[in-house]
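Values in this text are rule-based calculations from the coordinates and carry no lab data. Nothing here was measured: the structure is a model prediction, and the numbers come from that model. Here the Cβ positions follow ideal geometry from the backbone for every residue, glycine too, while neighbour counts run over all protein chains shown.
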Amino acid sequence: MTSPRAFQRSAPWRVWRYWGLILIAIMAVGLDKKWGVLPYVFMSLFVLIWVLFSAPTRCGAVTRRRGKEIVYCWNNSSGLMLGCHLPQHKFQRFTRDWWNTSWRDRIRGIWTGTPAKLATISGVVGMLTGIAGIIIGIWDLQKS
Ligand SMILES: [Zn+2]
């Protein structure tokens, strides 16, 4: 028998954190539907917001430095720009401390774990689909 807690953990709302992927799918399907330029501009923007602030990722904030080795936080978080529930981590990406670390460490921090890579790849795919949609939209405008 599953306890109520276990049920809560697998609650369907978790699926909704992937709404960006659904949006990208809608964009891809709509490419030949002649929706015009504006919907694709907005959808590309939403995909970007999703990747940066809403996609399921790992926190990736720097928790400790062991000599040259940096230990990153592994808590679940939302988007590539925001950290986990810990206040010091939440906005670490916006602090001077974080910007003083090298690019290599920064990128390693952002790309902690598979979910972050998945979010990045879907973000790139979403952007390309958006650009394709915009180009097709402009093309159609010129034809008519
Ligand atoms: Zn954290």
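Measure off 7 Å from each Cα along the Cα-to-Cβ vector at Leu86 and Ala132, then give the distance between these two points in nanometres to one decimal.
Each label point lies 7 Å from its Cα, and together they span 4.1 nm.
Calculate how steeply helix 114-143 sits against the longest principal axis of the alpha-carbon atoms of the chain, using the helix alpha-carbon long axis, and give the answer as 0 to 90 degrees to the nearest 10.
With rounding to tens, the tilt is 20 degrees.
Would you list which lysines come within 23 Å of Lys68, measuring only between C-alpha atoms, while excluding same-chain residues fewer than 8 positions from it?
List returned: none.
What's the longest bit of the chain with no exposed trypsin sites (Lys or Arg not before Pro), using DSSP loop states and at most 14 other Cβ atoms within 10 Å as the test?
The reported range is 69-144.
Please compute, for the alpha-carbon atoms of the chain, the extent along each of the three principal axes and give them in descending order in Å.
On the principal axes, the chain reaches 62, 50, 21 Å in Cα extent.
For Lys33, give me every one of the lysines with a C-alpha distance below 23 angstrom, ignoring sequence neighbours fewer than eight places off in its own chain.
The qualifying lysines are Lys143.
Given H placed 1.01 Å from N in the peptide plane, which residues other than close sequence neighbours of Arg58 have an amide H under 5 Å from its amide H?
Ser77, Ala116
Name the long-range amide H neighbours of Tyr72: under 5 Å, sequence gap of 5 or more, or other chain; modelled H, no Pro or chain starts.
Thr63
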